[in-house]
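Student: Got a structure for you, written out below as structure tokens; questions coming shortly.
Just so it is clear, none of the values below were taken in a lab; they were calculated from the coordinates. Bear in mind that the values here come from a model prediction, so they are computed numbers and not experimental data. Backbone-built Cβ (ideal geometry, glycine too); neighbour counts: all protein chains shown.
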Amino acid sequence: MKTTCPWQLNVKDFRIMAGLRKRPHLKRPLWIIILVTFVIIFLITAYVSPLSSSTACYFFLSGDCTLYQSPSFPARELSDEETISQVVIKEILNTPPIQSADSKIAFLFLTPGTLPFELLWDKFFRGHEGRFSVYVHASREKPGHTSQYFIGRDIHSENVDWGKISMVDAERRLLAHALLDPDNLQFVLLSDSCVPLHNFDYVYNYLMHTNVSFIDCFVDLGPHGTGRYSEHMMPEVEKANFRKGSQWFSMKRQHAIIVMADSLYYTKFRLYCKPNFEGRNCYADEHYLPTFFNMIDPGGIANRSVTYVDWSEGKWHPRSFRAEDISFEFLKNLSSIDDGIHITSDPKRYKLWLSNFGLGFSGNVIILSLGCWDEMKFHSAKHPHSHASHC
């Protein structure tokens, strides 16, 4: 009888089975693995550092958003004061802005006395309580206020001389008082002759949804620009970095804090940028902030002001507007005026304020401005995402 022998595995069989169970090697492209890894890291980082349209930018850029650009510092050995200054400035710029549920704009009025257009500003602010703060620096006489928004808003003031460092001191004084309120995120410097060209909502949204400061900054190679530079500012301030611009600014909180922290560059301008110094007439209010921010955070400023002034007459002071100059069409089309005649860096851009109104026709300005604001509201209602209105 034939005996059936059970199947017995030997070493050779194990080798065959192992070969059968082994999966074929798949040659996956290396670039897919790298791409997937990068996407995962990107998403995790974006989750940890969430974006905000009105705060610091991290990965995504838009028209209203500019990343901090570390300036190129000179190759020479820096002094202790310069090193300390750079450390402080870098820390402030790299600190995310304060998140506030009640974000406000601080309106800083620089005036010799009573504000002639206070009634217009009262109408501008009315109904928007809690979204703004008012600070008044009156250099010559205590102003008389009629608006509830200005009563009790005068700060300690000192005398201001045109063209001297006292003008910058007054600006810093206003910033210091406004920074005491942690809800103030934007700081707008205005003169007594400034009037708003837009309604409050337009201005608020315009400033709160930007990540740059509107500081006028441009190169003027003529005698009224770099011709005012003094070599005594060396080595901290080189001639190549010397800039010029209008003093009227809109500044974000980080930059306002930096201005308060600066003593090194401020001292250079206090000592060597003044009228009748070495045969030159240097005016600190036109050069200090443009030069300072061009050096420490050039990518953080818009290189333009949102206040319109007319320099077409080519004089020491901008042109003052008279009653016959003002019309509804003038205010409506103002932001399309080419102001390149003053060597500005960015002509034909939107303006929020108009400066240098003469006295004596505030009523006419108020009526025209209110009509302009009403048209802007109508335009915004029809085109909520458009910025085409100039009024």
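Student: Karplus couplings for segment 107-119 from phi (6.51 cos²θ - 1.76 cosθ + 1.60, θ = phi - 60°), rounded to Hz, Gly and Pro as x?
Tutor: 3J(HN,Hα) across segment 107-119, in whole Hz: 9, 9, 9, 9, 9, x, x, 5, 7, x, 10, 4, 5.
Student: If you don't mind, there's one more thing I want to ask. Once you order the gyration tensor axes a ≥ b ≥ c over the Cα atoms, which shape class does segment 175-322 get: rounded for a/c under 1.5, otherwise prolate or oblate by comparing a/b with b/c? It would help to have the intermediate numbers written out before the result.
Tutor: Working: a/c = 2.04, a/b = 1.32, b/c = 1.55.
Because a/c hits 1.5 or more and a/b fails to exceed b/c, segment 175-322 counts as oblate.
Student: Further question: Based only on other Cβ atoms within 10 Å, what is the fewest-to-most ordering of I301, I34? Could you put the intermediate results ahead of the total?
Tutor: Values: I301 24, I34 10.
Exposure proxy ranking, most exposed first: I34, I301.
Student: Just want the ordering: H137, H209, from fewest to most Cβ atoms lying within 10 Å of their own Cβ.
Tutor: Values: H137 23, H209 14.
Taking fewest neighbouring Cβ atoms as first place, the list is H209, H137.
Student: With an 8 Å Cα cut-off and a minimum separation of 6 or more residues, compute the relative contact order for segment 80-303 in percent. Intermediate values should be presented prior to the final figure.
Tutor: Details: 370 pairs, mean separation 53.4, N = 224.
Worked out over segment 80-303, it gives 24 percent.
Student: Could you pull the Cα extents of segment 80-303 along its three principal axes, largest to smallest, in whole Å?
Tutor: 51, 39, 28
Student: Once amide H atoms are built 1.01 Å from N in the peptide plane, which residues 5 or more positions from N184, or in another chain, come under 5 Å H to H?
Tutor: Placed amide hydrogens put K104 under 5 Å from N184.
Student: What FRET efficiency do you get for I84 and H232 if R0 is 22 Å and r is their Cβ-Cβ distance, rounded to the nearest 0.05? Please list the in-between numbers first.
Tutor: Working: r = 21 Å, r/R0 = 0.96.
Result of the calculation: an efficiency of 0.55.
Student: Sort segment 118-188 into rounded, prolate or oblate with this rule: let a ≥ b ≥ c be the square roots of the eigenvalues of the Cα gyration tensor; rounded if a/c is under 1.5, and if a/c is not under 1.5, prolate when a/b is larger than b/c, oblate otherwise. Write down the numbers at each step before the final one.
Tutor: Working: a/c = 2.28, a/b = 1.39, b/c = 1.64.
Judged from the Cα gyration tensor, segment 118-188 comes out oblate (a/c at least 1.5, b/c at or above a/b).
Student: Assuming a ≥ b ≥ c are the square roots of the Cα gyration tensor eigenvalues, decide whether segment 97-137 counts as rounded (a/c under 1.5), prolate (otherwise, with a/b larger than b/c) or oblate. Working shown, then result.
Tutor: On the way: a/c = 4.67, a/b = 1.63, b/c = 2.86.
It is oblate, given that a/c is not under 1.5 and a/b is not larger than b/c.
Student: Take the cross-link list K104/K252; K164/K268; K239/K274; K123/K252 and give me the ones stretching past 22 Å between alpha-carbons. All intermediate terms of the calculation are to be shown ahead of the outcome.
Tutor: On the way: K104/K252 11 Å; K164/K268 13 Å; K239/K274 16 Å; K123/K252 25 Å.
Distance filter (> 22 Å) returns K123/K252.
Student: If each residue's Cβ is checked for other Cβ atoms within 10 Å, how do T111, T226, T210, T95 rank with the fewest at the top? Mind showing how you got there, number by number?
Tutor: Values: T111 24, T226 16, T210 20, T95 11.
Result, fewest neighbours first: T95, T226, T210, T111.
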